[in-house]
Each structure stands twice: as C-alpha cells, then as structure tokens.
1. Could you figure out which of (1) at pLDDT 95 or above; (2) in a loop (DSSP other than H, G, I, E, B) isn't true of Val148?
2. Polar (S, T, N, Q), out of contact with any helix residue (DSSP H, G or I) (no Cβ under 9 Å at 6 or more places or on another chain) and in contact (Cβ under 8 Å) with a residue 24 or more places away in the chain: which single residue out of Asn183, Asn161 fits that description?
3. Residue under question is Arg211, and the condition is that it be surrounded by fewer than 19 Cβ atoms within 10 Å (Cβ to Cβ), within 21 Å of Ile12 (Cα to Cα), over 18 Å from the mean Cα position of the chain (by Cα) and in contact (Cβ under 8 Å) with a residue 12 or more places away in the chain; does it hold?
4. Would you mind stating whether Gly91 is more than 17 Å from the chain's Cα centre (by Cα), at pLDDT 95 or above and outside any helix (DSSP H, G or I)?
5. Answer with yes or no whether Val250 is assigned to a loop (DSSP other than H, G, I, E, B), hydrophobic (A, V, I, L, M, F, W, C) and surrounded by 14 or more Cβ atoms within 10 Å (Cβ to Cβ).
6. For the condition under 22 Å from Leu121 (Cβ atoms) and either in contact with a His (Cβ under 7 Å, 6 or more places away or on another chain) or modelled with pLDDT under 95 (or both), what is the one hit in Pro230, Pro210?
7. I'm told Gln71 meets every condition in (1) within 22 Å of Val206 (Cβ to Cβ); (2) not in a strand (DSSP E or B) except one. Can you identify the failing condition by its number?
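The values are calculated or read from the model by the stated rules, or taken from the named source; none is laboratory data. It should be emphasised that the depicted structure is a prediction, and the values quoted were computed from it without experimental measurement. Glycine also receives a Cβ, built like all others from the backbone with ideal geometry; neighbour counts cover every protein chain displayed.
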Amino acid sequence: MLKIAIYGKGGIGKSTMTSNLAAAFACQGKRVIQIGCDPKADSTMNLLGGQLLEPVMNYMRENDDDPTLEQIAREGFGGILCIETGGPTPGLGCAGRGIIATFNLLEDLRLFETWKPDVVLYDVLGDVVCGGFAAPIREGYAEKVLIVTSGEKMALYAANNINTAVENFEDRGYARVAGIILNHRNVPDEDAKVQAFADEHDLPIVARIPRSDDINRFEDKGKTVIEGDPTLPVSQCFLDLATRLSAGEV
C-alpha cells in the first residue's frame, strides 16, 4: 500500500493537487482512498461532482453513536473512497484533535483492512504543523510526504516549516519528505526560487504543475482535470507523477 501525505500552506492548491493525483491513480486502475485533513472539509469536493461530504467531526458532534463507514465515506470518481475529518465548531476547539479522533475511528472501523486500498492520500493543512496536523507523519499512517508550494514567500515559509517538522520525526522511522510539487502561480523568478529552496534542503521537485485555466474550468463543474480531459498536458503531469510514485521512483 502506498501511503502519501500531501502538505502545503492554506490556499496553495494542495486539495487540487491531491484530488487530481487521486484521480490519476484511479485512472491507472488503483484502488484509492483520499482523506481530507482540513477543517474546511473541501478536499474531496471535485471527486464528488462538486458536492461537499459530511465531515466525520460533524457526525460525531450531532450523533451519540459512532458512525459506520457508510455514514462518513462516499465513493467518487473512479471509485475513490472519500473521507473528510472536518474540525470543531469554529472558535470552540482544536482542529488537530479532530484529525486524531477521526484516525482513531478509522482504526476502530478497520478501514484499511476491509477496503484494502492500493493508495491512501492524506490532504493536510500545513500552516501550523501541531500535534494533530502532524498525526499523518508521526503515527505511521503515511510513508511519504509531498510538499506543495509556489514561489511565493509565505508558501515557501510554510514549506520550510513542514520540512522541519518531518525531519524532527525522522529518527523514529516515520514518514520522510519525498519531494516538492511546484504549483505555479507565475510569480517572478518562480522556478529559480523553488529550485533554490529544493537545493538547500536536498529535495527533488517531483512535479511542476503549470498555471492552467483548464483546472479552474473543470473545478467550476465539480471535476478534476483528470476526469474532465485526461489528454491535456496538465493532466499528463498528474498521470506521470502517479506512475513514478507507483514505480517507487519518487
């Protein structure tokens, strides 16, 4: 089983990267689970025709009984199983603890043993790498981390924090940073800035995603660009990354 956590600053496009990568794996015949670990709970929306999925934390707040898998998960494009952790009522709790509670529930439901995925993708907010948001890397859920960044200053700042957090757990055999996904925003000298960051931290840039109106066009329809048109050049970027991840080249 390939287990990957995708981190990045809020608004950097990590959910777009994650859902398109999930769709690429599904197109290649893989059995995929995508788990959104962001309080906004919108990670899987474009795998579900633009529909929001009820987050696990919402269900647990509103019901006394523990949910079944059917009550908190839904299959989307390509048979991808979609789950959203969600978070607490705004201003009344810790979102990181919501991730931990959801992971504990999924263990109790024996999700991986019963669903038997080939690939599990975690879409994780990276502005603050606290204990809860670090759960996918420190609890053994993920084996690899991909960091999404652009050449913008705050995106690179968050990328540095994420990389440092992962390095802090290296000696425990937890996940490692496998590389950087450059999600272009067309800022001045963007490639050079991200390449310099990658070189400084001895990390490869595993994918360069061009700024694309096609991504926005299909997201307006509640789709990934992979579902919308897998022959487009931007779609090929995701399909190529999925192929290299499956082959262990990343």
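1. Evaluating Val148 over (1) at pLDDT 95 or above; (2) in a loop (DSSP other than H, G, I, E, B) leaves (2) as the failure.
2. On the way: Asn183 fails: out of contact with any helix residue (DSSP H, G or I) (no Cβ under 9 Å at 6 or more places or on another chain).
Being polar (S, T, N, Q), out of contact with any helix residue (DSSP H, G or I) (no Cβ under 9 Å at 6 or more places or on another chain) and in contact (Cβ under 8 Å) with a residue 24 or more places away in the chain holds for just one of Asn183, Asn161, which is Asn161.
3. Details: surrounded by fewer than 19 Cβ atoms within 10 Å (Cβ to Cβ): yes; within 21 Å of Ile12 (Cα to Cα): yes; over 18 Å from the mean Cα position of the chain (by Cα): yes; in contact (Cβ under 8 Å) with a residue 12 or more places away in the chain: yes.
Yes.
4. Details: more than 17 Å from the chain's Cα centre (by Cα): yes; at pLDDT 95 or above: no; outside any helix (DSSP H, G or I): yes.
Judged against the criteria, Gly91 is not a match.
5. Numbers: assigned to a loop (DSSP other than H, G, I, E, B): yes; hydrophobic (A, V, I, L, M, F, W, C): yes; surrounded by 14 or more Cβ atoms within 10 Å (Cβ to Cβ): yes.
For Val250, the condition - assigned to a loop (DSSP other than H, G, I, E, B), hydrophobic (A, V, I, L, M, F, W, C) and surrounded by 14 or more Cβ atoms within 10 Å (Cβ to Cβ) - is met.
6. Working: Pro230 fails: either in contact with a His (Cβ under 7 Å, 6 or more places away or on another chain) or modelled with pLDDT under 95 (or both).
Exactly one residue qualifies, and that residue is Pro210.
7. So Gln71 meets the others, but not (1).
Residues are listed down the side, and each one gets a yes or a no for (1) out of contact with any Asp or Glu (no Cβ under 9 Å at 6 or more places or on another chain); (2) aromatic (Phe, Trp, Tyr); (3) in contact (Cβ under 8 Å) with a residue 40 or more places away in the chain; (4) buried (at least 19 other Cβ atoms within 10 Å of the Cβ):
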residue: Glu143; (1), (2), (3), (4): yes, no, yes, no
residue: Ala165; (1), (2), (3), (4): yes, no, no, yes
residue: Gly173; (1), (2), (3), (4): yes, no, no, no
residue: Gln195; (1), (2), (3), (4): yes, no, no, no
